[in-house]
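As structure tokens, the structure follows; a few thoughts come after it.
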Amino acid sequence: MKLSHEHIIPFSGLKDGSHEYDLALTDTFFEAIDYSEVRKGQVAVHLTLQKRPEMLVLEIELDGTVELECDRCSEMYQQAISAERKLVVNLNEDQFSDEDDLMTLPASTHELDLRHYLYEYVMLALPSRRVHPEDPGEPNGCDPVIIQKLEELAAQPETPDVQDDLSDDPRWQALKNIKFDQ
Ligand SMILES: [Zn+2]
């Protein structure tokens, strides 16, 4: 038992059958991952592990919130996430391999490090559009000062000088003359 970590499951001593675990992903979990987009979160993980001869079947449920940067106002907000994943671990090979939801470990392995998988499952559960909840009057909504500034910018003509530039362009003058002649 050289490793002692909540997200590493020592399975070699387990009897065949079903075993349940409740884990948590907290700020400490996310902060320990280099370059993680998520630095804060509270995600409950319910793990059902079926131990069979030479095989583990894991059903993993994630439910919680992570802190993300809003695409619209750049303030942080709480994003709810939930996911259900299945991971099959084959224990009858001599080498390690890792495909989407199937992992193969050497038969001598006695513990399962889930950290990489749990992090990946959280990443896959994130929405592509990351913005504050949009209900009007929602206390967690976008920063109203920043939204007002964005709206002011959007209301301004994007390139107010284009008309003048065109007027100076001889081709534009020629077009105007053609129009006037008709
Ligand atoms: Zn926002």
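Any read-out appearing in this document is the output of simple, stated calculations on the displayed coordinates, not a laboratory observation. Everything quoted here is computed from the prediction, not taken from an experiment. Backbone-built Cβ (ideal geometry, glycine too); neighbour counts: all protein chains shown.
Just name one of Pro106, Ser74, Ala32: the one whose Cα is farthest towards the positive end of the charge dipole of the range 8-125 (beta-carbon charges, Lys/Arg +1, Asp/Glu -1).
Pro106
When ranked by the protection proxy of mean other Cβ atoms within 10 Å per residue, highest first, what sequence do the peptides 13-23, 56-66 form?
56-66, 13-23
Where does the range 8-125 land on the Kirkwood hydrodynamic radius, alpha-carbon pairs, in angstrom?
Kirkwood radius, the range 8-125: 15.4 Å.
Hey, got the dipole for the range 8-125? About the Cα centre, +1 on K and R Cβ, -1 on D and E Cβ, debye to the nearest 20?
300
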